[in-house]
Amino acid sequence: MNDDAVFAALADPTRRRLLDRLHAANGQTLSDLCEGLQMTRQAVTKHLGVLEAAHLVATRRQGREKLHFLNPVPIQGIAERWIGKFQERQLAALSALKAALEAPKPD
């Protein structure tokens, strides 16, 4: 997985909106994804290309249609690598606080 490609893909609000739309209803066509967006099909196609290159979107042909599906695996990888390590200290601090509060009081 290329973290730089994932971060670059997620940096654009239009691409995040496309991912949100796929999260709400997976397996959409380009026409479905273009609905309600104030941009051309070519612009949406370009954004989808960036998302596909980052492996955030997978496609499958079904007859004459090309369906787009959200692939959450790269986002989970980012969460585990970048967010999880920052939470470790907080969780350790909370655990230490719990132990200190629950420890028997000296007489």
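Coordinate-derived values only; no laboratory data. All figures in this text were calculated on a predicted structure; none of them were measured in a lab. Methodologically, a virtual Cβ is constructed for each residue, glycine included, from the backbone with ideal geometry; neighbour enumeration extends over all protein chains shown.
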Per the chain, sqrt(5λ) over the Cα gyration tensor eigenvalues, sorted largest first, in Å, gives 43, 13, 12
Expected unfolding gain across residue 78-residue 8 under the 0.36 nm per residue rule, minus the alpha-carbon gap, is 24.0 nm
Could you state the angle between the C-alpha long axis of helix 84-102 and the longest principal axis of the C-alpha atoms of the chain, as a value from 0 to 90 degrees rounded to the nearest 10? 30 degrees
Relative packing of 8-16, 98-106, which averages over residues the other C-beta atoms within 10 Å, highest first: 8-16, 98-106
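Per 0.36 nm of contour for each residue apart, how much would the distance between residue 29 and residue 62 grow if the chain were fully extended, relative to their Cα-Cα spacing?
Extending this stretch completely gives an extra 10.9 nm.
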Total charge of the residues flanking residue 46 in space, meaning their Cβ is under 11 Å from its Cβ, with Lys and Arg +1 and Asp and Glu -1, is 0
To the nearest 500 deg cm²/dmol, what mean residue ellipticity at 222 nm is calculated for the chain from DSSP H runs of n ≥ 4 alone, each contributing -39,500 (n - 2.57), summed and divided by the residues? -17500 deg cm²/dmol
What order do you get for 65-77, 35-47 when each peptide is scored by the mean count of other beta carbon atoms within 10 Å, highest first? 65-77, 35-47
In the chain, with Lys and Arg counted as +1 and Asp and Glu as -1 at Cβ, which of these residues, 31, 13, 77, has the Cα nearest the positive end of the dipole, that is, farthest along it? 31
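Dipole of the chain, Cα-centred, from +1 at each Lys and Arg C-beta and -1 at each Asp and Glu C-beta, to the nearest 20 debye? It would help to have the intermediate numbers written out before the result.
Values: 15 positive and 12 negative charges, 68 e Å.
My answer is approximately 320 debye.
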Determine the sum of side-chain charges near residue 96: Lys and Arg each +1, Asp and Glu each -1, restricted to other residues whose C-beta is under 15 angstrom from that of residue 96. 0
